[in-house]
Every structure is written in C-alpha cells, then in structure tokens.
Amino acid sequence: MSLFRYSAIKGSGSYIPSRRIPNDYFLAHQFYGLDGTPLESPNELIIQKFQQITGIHERRYVDKGLKSSDLALRAAQQALESADIDKETLDYLIVAHNFGDVADNGRSDFLPALSSRVKHHLGIKNPRTVAYDLSFGCPGWLQGVIQADYFLRSGEATRALIIGTETLSKVSDPHDRDSMIYADGAGAVILEATSAGQPAGILAHHSESYTYEEAFVLRMGPSYQPGPEDSPLFFKMSGRKVYELALKKVPQVIRTAMEKASVDITQVHKILLHQANHKMDQAIVQQLFRSYGRTEVPPEIMPMTIGSLGNTSVATIPTLYDLIVKKQLKGHQIGSGDILIFASVGAGINVNAMVYQCP
C-alpha cells in the first residue's frame with residue numbers, strides 16, 4: 001500500500017486572560033460617530049443592540065504589563081506539553097499577529113520579531129528552528145498552518161509550532177462602539193508530518209486576497225473623539241462592508257477547499273470559524289449549506305466562543321480548537337475520523353479555509 005505524507009495536529013494550547021470585561025464596562029464610555037459627533041442613543045441601547053448582533057456579553061483583557069509575546073509563550077508551552085515532544089525538534093516556529101508587542105501606552109514593538117522572542121523564552125537552542133512572524137489579518141494563524149503544511153508535505157520539515165496571539169484591547173479606540181468587539185488571547189498548535197495510506201490530517205486548503213477595492217475596510221485611524229492631528233492610531237473597521245464581503249466570499253473559499261479535498265457538506269462534523277460577529281458567522285454557514293442545496297444547518301456544527309471571549313483575531317480559531325479537544329467547551333467534542341473545516345476572514349481583505357480530518 002502506498003503511503004502519503006500528511007500534516008496532523010500533534011498538540012495544542014491556549015491562553016485566555018483571567019480579566020473579564022462585561023458589557024456594562026462600557027456604560028460610562030463616550031462614543032462618537034465617524035464625523036466626530038457624540039452618538040445620540042444612550043449607551044444602554046447601544047450596548048443592547050451590540051449584544052443582539054454580535055452575541056458578545058463579555059470579553060477578556062490582559063492585565064497591565066502583559067504583551068502579545070507573553071501570551072504566545074504561554075500558549076506555546078501548553079502546546080509543547082500537550083504534544084509531549086522535545087522543543088529542539090521543531091523545524092519552524094511561526095507567530096501570527098498584527099500589532100506586535102503593544103505596550104500599555106499603545107506603542108508597538110516589532111523588533112526582535114515576536115517569534116524570536118518566543119523561541120528565546122522557550123529556551124530553544126537549535127538554530128535550525130526557523131522563527132518568523134506572519135501578518136495576514138485575522139486569518140494569520142490559519143495561513144501559518146497552511147504555510148507549515150507546505151513545508152511538512154515537501155519533506156523539508158517534520159514539526160512546526162504555529163501560534164496566533166493578539167492584544168486588541170490595546171489598539172481599540174475607547175470612543176468607537178466597535179471597540180466592544182475586540183479582546184485578547186493566544187492559541188497554538190504543533191503540526192507534525194505523518195505517513196498514512198488513507199487521508200488524515202490536513203486534506204486541502206485555499207486562500208484568497210481581495211485588495212483592489214477592499215484593502216482598507218480594516219485599517220488604522222485616529223480616534224473618533226475629535227483631537228489633535230498627531231493623536232494615536234487605533235484599529236478601525238467598516239463593519240457593513242466586512243459583513244457583506246465575508247458573507248459573499250467565505251462560503252466560496254470554504255467550498256473551494258472542500259472540493260479540493262473531495263469532501264461533501266454531509267461529511268463535515270464541525271466548522272471552526274473566526275468569530276467577530278455571531279450573526280455573521282451564522283449567515284456564512286447558512287450560505288455554505290444553501291450552496292449545497294440544503295436549508296437546514298445542524299445546530300451543533302458551529303462551536304462558538306465569541307459570547308464570552310470576544311474577537312481575539314488570530315487567536316480565535318486555535319483557542320476554539322484547543323478548548324474542544326480538551327473537552328472544555330460544553331456540548332462539543334471531536335474524535336478520530338471527524339472532518340473539520342477551519343475558515344477565517346480579516347484585514348487585507350484575506351480569506352482562507354482548510355479541510356482537516358482528525359487522525
């Protein structure tokens with residue numbers, strides 16, 4: 001029997017900050033519109049509508065002094081322990097993020113790379129453990145997994161550690177109601193090459209970038225509160241445009257990946273989506289099922305963490321996966337042979353999807 005080389009997840013880890021931020025934390029905020037004028041609706045109503053749309057009732061923020069690389073280190077340590085491997089055997093250490101190590105004053109630090117910092121703090125001496133960072137918007141962690149899959153399948157590498165980490169609370173404009181979406185966290189997996197006669201691990205993936213008209217729907221910009229021209233920049237989003245693009249493109253990208261893997265929608269056990277908006281994710285999955293001529297979506301197919309963890313960007317999917325495999329997400333579990341879909345959309349605009357069969 002011929003053996004084929006696949007990439008499979010050997011272990012996983014995550015770091016969820018302990019600081020809980022409920023929605024009423026924002027009651028005292030002064031929100032402004034795009035034109036710099038105060039929003040007329042009372043904050044109680046703004047927050048109520050926000051929760052109805054996004055599904056978020058609380059999120060997690062890091063304690064002062066903690067940076068993205070600190071979170072990444074903690075998730076990586078868990079993943080290494082889970083995989084029970086020698087850290088010196090890693091061929092790649094990839095860290096996906098978008099803002100570097102953001103200090104409490106909002107300044108970002110990118111040098112040395114976060115991957116170099118994590119490798120240093122893990123105490124890895126092997127110079128052949130290649131460490132690099134990846135900036136690809138919210139789909140960055142999944143794109144890191146896709147890149148690592150190419151390395152592993154080629155035979156050039158055997159093991160890779162891929163981490164997604166972000167502290168969005170430090171780049172959020174407190175005067176922008178969209179700031180209530182964002183949160184902090186980190187997630188990681190160990191990807192390992194394996195040989196099998198039957199499909200196992202990563203079966204297929206697909207990525208696309210839309211930059212002709214959509215590049216700046218997610219961007220950095222000044223606070224909505226009027227102030228000096230040299231004021232700090234914050235993470236900004238044209239929410240409606242993101243929603244429309246995600247609903248149109250994400251199901252297409254997922255379906256392309258599924259077709260590459262020769263997988264039908266009836267075979268899918270779980271869909272692990274990047275989570276920025278509960279209603280948007282529901283609409284994406286419904287659109288995917290409709291593309292297969294199906295109107296009913298199994299209620300348990302899409303695990304959600306956004307309600308209590310918020311949008312943690314690149315950390316969302318690996319954290320979600322880690323919680324499921326460690327049986328820490330009530331009502332959800334995965335086992336050998338189960339087919340999972342990983343998919344994300346974010347700044348770029350970038351969209352990606354991966355089909356994975358649990359070994």
*Which members of the range 89-110 meet the condition of being outside any strand (DSSP E or B) and modelled with pLDDT of 90 or more?*
T89, L90, D91, H97, N98, F99, G100
*Of the residues that make up the range 189-206, is at least one farther than 30 Å from L90 by Cα and at pLDDT below 95?*
no
*Identify, from the list H269, H278, H274, the residue that is touching a helix residue (DSSP H, G or I) at 6+ places or on another chain (Cβ under 7 Å), closer than 18 Å to V355 by Cα and in contact (Cβ under 8 Å) with a residue 40 or more places away in the chain.*
H274
_It is to be established whether one or more residues within the range 3-12 are of a type in the set (G, A, S), within 30 Å of A96 (Cα to Cα), modelled with pLDDT of 95 or more and in a helix (DSSP H, G or I)._
no
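For (1) farther than 30 Å from A103 by Cβ; (2) crowded, with 23+ Cβ neighbours inside 10 Å, each residue gets a yes or a no:
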residue: A160; (1), (2): no, yes
residue: I163; (1), (2): no, yes
residue: L168; (1), (2): no, yes
residue: H175; (1), (2): no, no
residue: D184; (1), (2): no, yes
residue: L191; (1), (2): yes, yes
residue: A196; (1), (2): yes, no
residue: P199; (1), (2): yes, no
*Does the range 128-167 hold any residues that are of a type in the set (S, T, Y) and either under 19 Å from A276 (Cβ atoms) or assigned to a strand (DSSP E or B) (or both), and which are they?*
Y132, S135, T165, T167
*asked:* Take the conditions modelled with pLDDT of 95 or more, in a helix (DSSP H, G or I) and surrounded by fewer than 17 Cβ atoms within 10 Å (Cβ to Cβ) and apply them to E81. Does it pass?
replied: yes
*Of all residues making up the range 40-54, the number that are part of a loop (DSSP other than H, G, I, E, B) and either in contact with a Lys or Arg (Cβ under 7 Å, 6 or more places away or on another chain) or modelled with pLDDT of 95 or more (or both)*: 0
*Grab the strands (runs of 3 or more DSSP E) fully contained in the range 170-247, keeping just those with 2 or more residues being of a type outside the set (S, T, Y), in contact with a Leu (Cβ under 8 Å, 6 or more places away or on another chain) and closer than 27 Å to I47 by Cβ.*
184-196, 218-222, 233-237
*Is one or more of the residues making up the range 46-61 over 26 Å from D281 (Cα atoms) and among the small types (G, A, S)?*
no
*Taking into account only those residues within the range 101-121 that are of a type outside the set (K, R) and in contact with a Leu (Cβ under 7 Å, 6 or more places away or on another chain), which is surrounded by the most Cβ atoms within 10 Å (Cβ to Cβ)?*
V118
*asked:* Testing E229 on (1) without any contact (Cβ under 8 Å) to a residue 60 or more places away in the chain; (2) at positive phi, one condition comes back false. Which one is that?
replied: (2)
_Please go through the range 18-47 and give me each residue that is touching a residue at least 12 places away in the same chain (Cβ under 8 Å) and among the acidic types (D, E), ordered by number._
D24, E44
*Looking for whichever is of a type in the set (D, E, K, R), on the phi < 0 side of the Ramachandran plot and assigned to a loop (DSSP other than H, G, I, E, B) here; the options are D70, D24, D35. Which one fits?*
D35
*How many of the residues in the range 282-328 are under 26 Å from Y15 (Cα atoms) and in contact (Cβ under 8 Å) with a residue 24 or more places away in the chain?*
27
*Check off (1) out of contact with any Pro (no Cβ under 9 Å at 6 or more places or on another chain); (2) surrounded by 15 or more Cβ atoms within 10 Å (Cβ to Cβ); (3) at pLDDT 95 or above for E259 and give me the number that stays unchecked.*
(2)
*asked:* Just to be sure before I move on: is T129 within 17 Å of the chain's Cα centre (by Cα) and among the polar types (S, T, N, Q) in the structure I sent?
replied: no
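The values are calculated or read from the model by the stated rules, or taken from the named source; none is laboratory data. If you're wondering where the values come from, they're calculated on a predicted model, not measured in any experiment. Cβ atoms come from the backbone with ideal geometry, glycine included; neighbour counts cover every protein chain shown.
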